There are 2 protein chains.
Amino acid sequence: MPLVVVGSVALDSVETPKDTREDILGGSAVYFSVAASYFAPVRLVGVVGDDWPAEHTQLLESRGINIEGLQIIEGGKTFRWRGRYMENMNDRETLDVQLNTLADFDPQLPEECRRSPFLFLANGSTTTQLKAIEQSTGATLTVADTMDLWINTEREQLEAMLKKIDGLVLNDSEAKLLTGEENLVLAGHKVREMGPRFVVVKKGEHGAMFFSQYETYVLPAFPTEQVVDPTGAGDSFAGGMMGYLAEQGNFEPTTLKKAMAYGILVASFTVEDFSLDRLINITREDLERRMEDYQQMLSF
Amino acid sequence: MPLVVVGSVALDSVETPKDTREDILGGSAVYFSVAASYFAPVRLVGVVGDDWPAEHTQLLESRGINIEGLQIIEGGKTFRWRGRYMENMNDRETLDVQLNTLADFDPQLPEECRRSPFLFLANGSTTTQLKAIEQSTGATLTVADTMDLWINTEREQLEAMLKKIDGLVLNDSEAKLLTGEENLVLAGHKVREMGPRFVVVKKGEHGAMFFSQYETYVLPAFPTEQVVDPTGAGDSFAGGMMGYLAEQGNFEPTTLKKAMAYGILVASFTVEDFSLDRLINITREDLERRMEDYQQMLSF
């Protein structure tokens with residue numbers, strides 16, 4: 001089934017202890033789209049400036065991603081983010097943010113997007129996410145991501161949004177920030193009680209937790225020694241998860257758990273190189289092989 | 001098969017954000033023994049002073065733990081530790097340590113202990129651990145724990161010990177400290193290359209990782225909202241793991257993985273109350289039920 005993602009499209013500059021890359025393809029909706037494209041037809045809604053390189057458009061289209069909803073603002077500049085990872089490759093510092101065209105992003109969902117049954121609101125302002133929800137009259141499953149910035153600055157809108165969505169994806173520190181609860185199991189359920197039917201708490205190198213009224217579980221990350229650039233891991237996780245749900249066309253508990261596992265595995269490929277360099281060079285068969293290893297790892 | 005543990009026996013004072021306990025039963029060998037006692041006959045080797053309460057002896061004996069190797073030093077005092085847990089219940093601060101009789105602990109393994117095929121060197125000085133290894137002529141599987149203190153102060157002895165043991169159990173920050181490697185997968189294998197055939201890296205609320213020449217895997221912790229006192233979780237993990245290996249009488253790869261899982265589950269009970277209050281009140285059936293839930297959680 002079709003899957004729509006609304007979120008940021010970016011040119012990232014990434015510094016790691018070993019290497020640096022300037023103005024590479026990034027953004028929450030981009031990582032999400034490419035990850036999801038291994039499973040289902042994806043439509044990307046976002047905004048860029050006219051400095052947006054044509055090669056990035058080609059890359060997205062080569063993955064079958066529909067970009068009818070990608071606005072290109074004449075005379076505008078694309079959102080830029082610069083960050084530096086610490087030696088542990090988990091902690092990072094944001095060095096510079098230039099919102100540019102993203103500052104006034106007013107998502108306009110093409111008709112086909114509005115009718116899409118699966119909708120993901122990738123990281124972006126809650127106000128923008130709410131606008132996209134209003135337009136998505138055909139959505140049967142709406143899942144959103146959020147981050148500390150919006151928890152701190154748009155809390156009221158976020159609380160309103162939590163009552164309109166089916167699922168929320170956020171990381172561990174954000175779940176604690178949103179609820180004031182230090183125990184992650186309690187925090188996950190507290191977020192769920194704020195509205196969504198399910199909550200996914202991402203724990204980076206430690207995997208992800210799932211919370212619904214009837215279920216609490218955790219799946220570990222796939223252990224990898226090859227961590228080159230963690231940027232986009234969380235968005236890739238969401239893309240793999242939502243992509244699998246869209247492929248299966250349902251969001252039953254058993255489908256959701258397998259979707260979580262696919263999200264973890266797609267993210268494990270993303271971190272193996274800068275930008276999408278690793279993710280675009282895998283096949284569905286690579287994912288299936290890693291899934292076999294992962295299931296083997298978790299059986300005893 | 002019989003299992004011997006050499007390690008600390010303590011009276012702990014524990015402060016958590018919600019509650020405080022004074023002079024409660026603790027120590028690495030105690031948590032280990034009680035955890036392992038659900039699986040195999042355990043012999044404890046340690047030292048206490050004559051302030052050691054008789055009720056603690058009774059508790060250990062009620063679990064079938066042989067304490068022939070527990071030295072009671074007349075006129076001496078039992079090792080005491082005081083610590084405070086932070087709001088997140090993971091980070092802790094050591095407020096006071098009184099080594100007392102543990103300072104001069106010279107382990108004397110009774111004949112039965114020397115012949116035991118399974119030996120665990122719980123947390124204690126590397127020098128003490130080496131003395132126990134020398135006496136354990138019948139050991140076919142020797143596994144040790146260590147900690148930052150010994151990595152920093154007895155590195156030479158520790159490196160010598162790593163060449164004499166089959167397995168090492170340590171936590172994530174200690175694996176990084178020992179190897180200077182921030183990536184846990186690389187760190188785990190680097191420790192393994194220092195001698196032991198397998199290495200287990202404990203990650204607290206995030207579970208544990210296993211490393212051998214042919215295997216790298218991670219198992220998540222059992223998610224619990226009931227974290228009252230994390231003291232002894234790592235020692236209980238080791239006790240559950242070694243106890244299951246001793247019960248099965250082998251340390252094949254499939255047995256080791258299931259042993260890791262039992263370790264995780266025993267530890268998940270330990271943290272549910274202060275000291276051994278929860279752990280001594282479960283049955284093997286409680287463990288088996290949680291094992292079923294855990295395996296169910298990890299299957300998709």
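To keep it simple, each residue is scored yes or no on (1) within 17 Å of A:Pro41 (Cα to Cα); (2) touching a residue at least 60 places away in the same chain (Cβ under 8 Å); (3) under 15 Å from the mean Cα position of the chain (by Cα).
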| residue | (1), (2), (3) |
| --- | --- |
| A:Phe198 | no, no, no |
| A:Gly207 | no, no, yes |
| A:Glu225 | no, no, no |
| A:Gly240 | yes, yes, yes |
| A:Leu245 | yes, yes, yes |
| A:Leu256 | no, no, no |
| A:Met260 | no, yes, yes |
| A:Phe274 | no, yes, no |
Working only within segment B:158-198, note down all residues that are acidic (Asp, Glu), within 18 Å of B:Asn123 (Cβ to Cβ) and more than 13 Å from chain A (Cβ to nearest Cβ). B:Glu159, B:Asp166, B:Glu174
Out of everything in segment A:199-218 that is surrounded by 21 or more Cβ atoms within 10 Å (Cβ to Cβ), of a type outside the set (Gly, Ala, Ser) and more than 7 Å from every other protein chain (Cβ to nearest Cβ), what residue ends up being nearest to A:Ser268 (Cα to Cα)? A:Glu205
Checked segment A:230-266 for anything among the acidic types (Asp, Glu) and within 14 Å of another protein chain (Cβ to nearest Cβ); matches are A:Glu252
Odd one out for A:Asp172 among (1) among the acidic types (Asp, Glu); (2) open to solvent by 30 Å² or more (accessible area, probe 1.4 Å); (3) within 26 Å of A:Met89 (Cβ to Cβ); (4) touching a Phe, Trp or Tyr at 6+ places or on another chain (Cβ under 9 Å): (4)
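Residue by residue, here is whether (1) in a helix (DSSP H, G or I); (2) at pLDDT 95 or above; (3) open to solvent by 30 Å² or more (accessible area, probe 1.4 Å) holds:
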| residue | (1), (2), (3) |
| --- | --- |
| B:Leu158 | yes, yes, no |
| B:Met161 | yes, yes, no |
| B:Leu168 | no, yes, no |
| B:Val191 | yes, yes, no |
| B:Gln226 | no, no, yes |
| B:Met242 | yes, yes, no |
Exactly one of A:Ser33, A:Ser13, A:Ser8 is buried (at least 24 other Cβ atoms within 10 Å of the Cβ), among the hydroxyl-bearing types (Ser, Thr, Tyr) and either without any contact (Cβ under 8 Å) to a residue 12 or more places away in the chain or more than 13 Å from A:Leu276 (Cβ to Cβ) (or both), and that residue is A:Ser8
Residues being over 20 Å from A:Met194 (Cα atoms) and surrounded by fewer than 21 Cβ atoms within 10 Å (Cβ to Cβ): count how many of those fall in segment A:139-152. 0
Failed item in (1) touching a residue at least 12 places away in the same chain (Cβ under 8 Å); (2) part of a loop (DSSP other than H, G, I, E, B); (3) of a type in the set (Asp, Glu), with B:Asp286 passing the rest: (2)
Quick check on segment A:47-80: of everything there that is assigned to a loop (DSSP other than H, G, I, E, B) and of a type in the set (Gly, Ala, Ser), which residue is surrounded by the fewest Cβ atoms within 10 Å (Cβ to Cβ)? A:Gly75
So which residues in segment A:164-195 are in contact (Cβ under 8 Å) with a residue 40 or more places away in the chain and in contact with an Asp or Glu (Cβ under 6 Å, 6 or more places away or on another chain), if there are any at all? A:Val169
Going by what's in this entry, would A:Ala238 be described as among the hydrophobic types (A, V, I, L, M, F, W, C), within 24 Å of A:Asn90 (Cβ to Cβ), in a loop (DSSP other than H, G, I, E, B) and modelled with pLDDT of 95 or more? no
If I ask for residues that are without any contact (Cβ under 8 Å) to a residue 40 or more places away in the chain, open to solvent by 10 Å² or more (accessible area, probe 1.4 Å) and out of contact with any Gly (no Cβ under 8 Å at 6 or more places or on another chain), which ones from segment A:107-138 would you list? A:Glu111, A:Ser125, A:Thr127, A:Leu130, A:Lys131, A:Ile133, A:Glu134, A:Gln135, A:Thr137, A:Gly138
A:Leu276 fails exactly one of the following numbered conditions: (1) outside any helix (DSSP H, G or I); (2) under 28 Å from B:Val201 (Cα atoms); (3) more than 14 Å from chain B (Cβ to nearest Cβ); (4) open to solvent by less than 30 Å² (accessible area, probe 1.4 Å). What is the number of that condition? (2)
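The values are calculated or read from the model by the stated rules, or taken from the named source; none is laboratory data. Because the structure is a prediction, the values reported are computed rather than measured. Note that each Cβ is placed from the backbone with ideal geometry, even for glycine, and that neighbours are counted across all protein chains shown. Heavy atoms of the whole protein, side chains included, go into the accessibility calculation; ligands, DNA and RNA do not. Shrake-Rupley method; radii C 1.70, N 1.55, O 1.52, S 1.80 Å.
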